[in-house]
1. Using 7 Å Cα-to-Cβ label points, what is the Ser97/Leu396 separation (nm, one decimal)?
2. Once fully extended, how much extra length lies between Asp131 and Glu268, figured as 0.36 nm per residue of separation less the alpha-carbon to alpha-carbon distance?
3. In whole percent, and with a 1.4 Å probe on the protein chains, what portion of the accessible area of segment 223-274 is carbon and sulfur?
4. Taking a threshold of 21 Å on the Cα-Cα distance, which of the pairs Lys179/Lys260; Lys93/Lys200; Lys176/Lys335; Lys172/Lys410; Lys152/Lys247; Lys172/Lys334 fall above it?
5. So, R0 is 30 Å and r is the distance between the beta-carbons of Lys330 and Arg257; what FRET efficiency does that work out to, to 0.05?
6. Beta carbons within 10 angstrom, averaged per residue: use that to sort the peptides 338-351, 237-250, highest first.
7. Once you have the Cα-Cα distance between Ala235 and Lys152, take 0.36 nm times their residue separation minus that, and quote the gain in nm to one decimal.
8. Based on the Cβ-Cβ distance of Glu168 and Ala349, what FRET efficiency does E = 1/(1 + (r/R0)^6) give at R0 = 60 Å, to the nearest 0.05?
Amino acid sequence: MSAGTPKSLPSSGQKSIQEICHPLSAEESILSPSPDLGNTISSTGEKDLSLPNGNAVDTSSPASSSSLLNRLQLDDDLDGETRDLFVTVDDPKKHVSTMETYITYRVSTKTTRTEFDLPEYSVRRRYQDFDWLRSKLEDSQPTHLIPPLPEKFVMKGVVDRFSEEFVETRRKALDKFLKRVADHPVLSFNEHFNVFLSAKDLNKRQGLALLSKMGESVKYVTGGYKLRARPIEFAAMGEYLDIFTQKLGTIDRIAQRIIKEQSEYLVELREYSPVYSSWASSEEELQEPLDGVAACMANCCSGLEELTEEMSEDFLPVLREYILYVESMKNVLKKRDQVQAEYETKLEAVAFREDRKTPVPTDVEKCQDRVECFNADLKADWDRWQNNKRQDFRQLLTGMADKNIQYYEKCLAAWESLIPLLQDKQEARADTN
């Protein structure tokens, strides 16, 4: 692909799940915030970093950036040995009708789970189908963090949503969305997810009629309850998300300016090389060195084009995904606050009753159960999100470092190859004199 005119599109995973106990049936325990909250609140000691499968995270520095990337990829391959659900999104196709033009993607599934009637499925889905799935997951699993989808709307005239570059970027994002859902120990067993992966014709108008009791209870919580104060650990989460969003936003804006400047420099560089080629044709004595300079310019141009493409197609999408991820996490925090506020209000009403001997009403106990369930699910998803974030950004930054090294090495080699030509020309002239 090139950084120039977009190409048009031709027309047309996860770990095994152990038995999960309900959080209310387990012994009450206090879970500490993620280690990444250390920038926001002080900690009393160092905490061990561990992956969801229990393996310790090695934080030692590798010998090189490539070795880190290879190690991360190896970890993923080993982890795949225990997975029982694999989902991929590929083969985008353009559909043109009298009413609309849209893109569909092939969603392929391989599984050994008994919830599926077949071991393999292959269906085609468009963006609005993915949006339907995420909406259903939010309704039926309100206590969990739902991975974000790429933004649906783009600015007309600025981005061609049917270009090969745009469609491929969206395909990668949709593929990552499904893989994150399939990797989740609760969301991957959701009935709507099963239908999305297996049904040939996805009927979004009817969908699945049943929502979980938790979903219904949270859905109809009114905004009339006022939360006194978030618990310290959840307040720390909110503060961390605010700071994290600000940092990502700043990096995103600067990265876009860099890409714009690199693209403008690339245009100038492409015009620069032919000038030396044209000059060489009229200078017999300088022809070889001038042709060498033109070749250097062409090599640098190629390297810069690859570097700019990497930033546009690999670096920026990850930043934007995590900006959307933060918004999803904040929404779950707000839902948790609403449930806690409802519980505090009802509990306060019971405390001021005249008859102190009457047992606590059942609705208060149920509300307490919802708060505890929300807390347990949110903490588990927070830890999982932090682990994914660390791995994603380590791979992202490692890839960025490798691309920059390759670019500068390519430019250096091009200019070093020019030096012998200039030296030979000087020696030949000295011999003549």
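1. Reported label-point gap for Ser97 and Leu396 is 3.6 nm.
2. On the way: separation 137, 0.36 × 137 = 49.32 nm, distance 4.17 nm.
The span from Asp131 to Glu268 would gain 45.1 nm if fully extended.
3. The computed percentage sits at 56.
4. On the way: Lys179/Lys260 32 Å; Lys93/Lys200 17 Å; Lys176/Lys335 25 Å; Lys172/Lys410 28 Å; Lys152/Lys247 24 Å; Lys172/Lys334 29 Å.
Beyond 21 Å between Cα atoms: Lys179/Lys260; Lys176/Lys335; Lys172/Lys410; Lys152/Lys247; Lys172/Lys334.
5. Efficiency at R0 = 30 Å is approximately 0.65.
6. Details: 338-351: 17.2, 237-250: 15.5.
In decreasing order of mean packing, 338-351, 237-250 become 338-351, 237-250.
7. On the way: separation 83, 0.36 × 83 = 29.88 nm, distance 3.10 nm.
Going from the current span to full extension adds 26.8 nm.
8. The calculated FRET efficiency here is 0.60.
The values are calculated or read from the model by the stated rules, or taken from the named source; none is laboratory data. Note that the structure is a prediction, hence the values are computed from the model and not measured. In this analysis, Cβ positions are derived from the backbone assuming ideal geometry, glycine residues included, and neighbour counts consider all displayed protein chains. Accessible surface is based on the protein model in full, side chains and every heavy atom, while ligands, DNA and RNA are left aside. Shrake-Rupley method; radii C 1.70, N 1.55, O 1.52, S 1.80 Å.
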